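Taking it in order: structure first as structure tokens, then the write-up.
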Amino acid sequence: GLGKLKADSMYGTLARMQLAKAQVDAGKPQDALATLRAIQAGDSGLTDVINVRIGRLLVDTGKAADAVTLLGSATSPGALEVVGDAQAKLGKPQEAQATYKRALTTLEVGSPERTIVELKLADVGGAP
């Protein structure tokens, strides 16, 4: 089982990320949050991915302010998108617009990710 895989090993990290996805798919977001928070990734890139996933779950479970706190200083497009989503949920469309626009500066024109962020920007009253 998972217990034999060290929490800070690459395999342990990937297994726990997969478990968290399965927990979300099974309708258990709180379990997924606990699983993700228990990961001790030694790789900063993986830590960023894990934090974005935690942020998405926080937004989805009504804890948008916690997502902003977690990802507020992040600069990756995925993190900026989640912060924008959180700001939109918190009723702060101006802040969400600014955050989505920052995300757009880092995304390639024509990419599917950019299209999604452009739609979200339009949703909060902004123009790409």
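The values are calculated or read from the model by the stated rules, or taken from the named source; none is laboratory data. Keep in mind that what you see is a predicted model, and the values were worked out from it rather than measured. Quick reminder, even Gly has a Cβ in these numbers, built from the backbone with ideal geometry, and neighbours come from all protein chains shown. Remember, those area values only see protein heavy atoms, side chains included, never the ligands or the DNA or RNA. Shrake-Rupley method; radii C 1.70, N 1.55, O 1.52, S 1.80 Å.
What to note about this one:
- The selection criterion, being at pLDDT below 95 and surrounded by 15 or more Cβ atoms within 10 Å (Cβ to Cβ), holds for L46.
- Filter pass, L57 being in contact with a Pro (Cβ under 6 Å, 6 or more places away or on another chain), closer than 24 Å to K21 by Cα and surrounded by 19 or more Cβ atoms within 10 Å (Cβ to Cβ): yes
- Evaluation of T13 against (1) buried (at least 16 other Cβ atoms within 10 Å of the Cβ); (2) modelled with pLDDT of 90 or more (one fails), failing number: (2)
- First in region 100-128 and open to solvent by 80 Å² or more (accessible area, probe 1.4 Å), second anywhere and in a helix (DSSP H, G or I) and hydrophobic (A, V, I, L, M, F, W, C), Cβ under 8 Å, 6 or more apart: K101/L121; R102/L80; D123/A88; P128/L104; P128/L121; P128/A122
- Among the candidates A41, A64, the residue that is buried (at least 18 other Cβ atoms within 10 Å of the Cβ) and over 19 Å from A88 (Cα atoms) is uniquely A41.
- Per-region count, region 77-99, residues part of a helix (DSSP H, G or I), out of contact with any Ser or Thr (no Cβ under 7 Å at 6 or more places or on another chain) and open to solvent by 20 Å² or more (accessible area, probe 1.4 Å): 10
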